[in-house]
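To start, the structure itself, in structure tokens.
The values are calculated or read from the model by the stated rules, or taken from the named source; none is laboratory data. As the structure is a prediction and not an experimental result, all values here were calculated from the model. Glycine gets a Cβ as well: all are built from the backbone with ideal geometry, and neighbour counts include every protein chain shown. Please note that ligands, DNA and RNA were not included when accessible areas were found on the heavy atoms of the full protein model with its side chains. Shrake-Rupley method; radii C 1.70, N 1.55, O 1.52, S 1.80 Å.
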Amino acid sequence: MTELFRDNGSPPPLPPQMIETWERRVGIHRSIIQPEPIRLSGPEGMRHYGQHVEVHTDDPDSFDSLMYVRHLSMIGTFCSLHTPLQVSRNPRLIDEQPSEDLVIGVHTLEGRHIIRQGSRDFAYGPGQLAFVSNASPYLERTFEINDPAGLVIPLELLGNQRRIAERARRPVASHTLLARATASFILQFASDTAVGVSEPDPDTEMAAIELVRAALGQLDYDNRQITDNALFVREAVSDLIERHHRDPSFTPNTIARYLHISRRQLYRHFEDTEDSLAARIADRRLKTACELLRTRPDLAVSEVARISGFPSSPTMRNRFRAELGLGPSEYRARAAAENEASGSWDHV
């Protein structure tokens, strides 16, 4: 391990067990080049932590960080583990050390993580994309040990999404399909390349850039790049139904709010399909209820209705009779009889 700066001989503030867990997550054991991490510690380490930024901490002597950094053909990648810190890019630095890069980061550890862009503070959670442009002032602060990984992309490679990258805007909503897919990809791609698990070709780098451009497009007010794509909207709707159908308050209106589009826009993407959005939600609740009735004989029918997302037991009974021709209790009895018969045949 390359330890560049430590002002005294005290043990490093980063707990060894946490370092071991982090190294296992980023894939050090799978690296094909076995790179040495950069270790920056204490006040001197803070001064060399990153280009184009200033670092501050409440206790400079306890500052400690580990990082891997790679410069690919078009972009840079990094993954790091560090103690609490504040990173800032102010007008003076922008003037003295100009930089035309967009930094996209994702972290996995719990804890407070705040970025001030413009006049507002935004809180970021694990798995949520964070965008900061070195061409604009920002302040980033973490209050606990953090493990960011990400990309550094020249703004000129973002095409017409550059104007969005340079704005002071809130992060992409973490609950959307695109945001979660982008965050997951960046976390894996950045770690794999930074530690030398993989050697991406230019086409793979360009694919990463295009994914970031799509995520930036989601920040745009009218969301045209995303919501005009019927395939994306339908996949996103299926994902939302799968994850939220157990919530009785989940409706097509909820889906429209999640995707930041109007109900009219949402329904337009399903005009050529047989089932309505409400029917799709009800069918998924029915599937969950059937599974519970087959596997959880200890649950009352009313409890099955609640867990499955139906507003009431009568609503669930009506759905069962409309789709299956029998009520929930009858369905449970028939399923139990079939299981018993199947068990009897197994012993023949």
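A few remarks follow.
- Loop-located GluC sites (Glu not before Pro) in region 267-329 whose Cβ has at most 15 other Cβ within 10 Å (DSSP): Glu271, Glu274
- Once the chain from Ser249 to Ile19 is taken as fully extended at 0.36 nm per residue, the excess over their C-alpha distance is 78.6 nm.
- Relative contact order of region 55-166, pairs being alpha-carbon contacts under 8 Å that are 6 or more residues apart, as %: 32 percent
- Other-chain or far-sequence residues with amide H under 5 Å of Phe63's (modelled H): Gly42
- For Glu100, no residue has an amide H sitting under 5 Å from its own, ignoring neighbours fewer than 5 places away on the same chain, with H placed 1.01 Å from N.
- Each listed q (0.10, 0.13 Å⁻¹) maps to a log10 I(q)/I(0) for the chain, found by the Debye formula over equal Cα scatterers with no solvent: -0.75, -1.01.
- Pair Val69, Leu109: separation of 7 Å Cα→Cβ label points (nm): 2.0 nm
- Equivalent ellipsoid, region 2-124 (semi-axes from 5 times Cα gyration tensor eigenvalues, Å): 24, 19, 16
- Only beta bridges with both residues in the chain are counted; by DSSP, about 95 percent of them are antiparallel.
- Of Tyr138, Thr21, Leu66, farthest towards positive along the dipole that unit charges on Lys, Arg, Asp, Glu beta carbons give the chain: Tyr138
- For the chain, the longest principal axis of the alpha carbon atoms and the long axis of helix 328-346 meet at an angle near 90°.
- Counting only DSSP H runs of at least 4 residues, each contributing -39500 (n - 2.57), and dividing by the residue count of the chain, the helix-based mean residue ellipticity at 222 nm comes to -13500 deg cm²/dmol.
- Taking the accessible area of the chain, probe 1.4 Å, and keeping the other protein chains in place, the carbon and sulfur fraction comes to 51%.
- Between 0 and 90°, nearest 10: helix 177-195 axis offset from the chain longest Cα axis: 40 degrees
- Gyration tensor verdict on region 246-348 (Cα atoms; rounded if a/c is under 1.5, prolate if a/b is larger than b/c, oblate otherwise): prolate
- Helix 16-26 and the long axis of the chain differ in direction by around 70°, with both axes built from C-alpha atoms.
- The phi-based Karplus calculation (6.51 cos²θ - 1.76 cosθ + 1.60; θ = phi - 60°) puts the 3J(HN,Hα) values of region 98-113 at x, 8, 10, 10, 9, 9, 10, x, 9, 10, 10, 7, 6, x, 6, 9 Hz, whole numbers, x for Gly and Pro.
- For region 301-315, the Karplus equation 6.51 cos²θ - 1.76 cosθ + 1.60, evaluated at θ = phi - 60°, returns couplings of 4, 4, 6, 4, 4, 5, 5, 7, x, 6, x, 7, 5, x, 4 Hz by residue, with Gly and Pro reported as x.
- Gaussian network model of the chain, springs between alpha carbon atoms under 10 Å - residue of Asp203, Asp121, Asp61 with greatest fluctuation: Asp203
- Ordered by solvent-accessible area of protein heavy atoms (1.4 Å probe), largest first, the residues Glu110, Glu140 come out as Glu110, Glu140.
- Averaged over its residues, region 58-170 has an accessible area of 43 Å² per residue, based on protein heavy atoms and a 1.4 Å probe.
- Per residue, the accessible area of region 240-304 comes to 57 Å² when a 1.4 Å probe rolls over the protein heavy atoms.
- Cut-off under 5 Å, modelled amide H: who pairs with Ser198 long-range: Thr193
- Rolling a 1.4 Å probe across all protein chains gives Leu139 an accessible area of roughly 50 Å².
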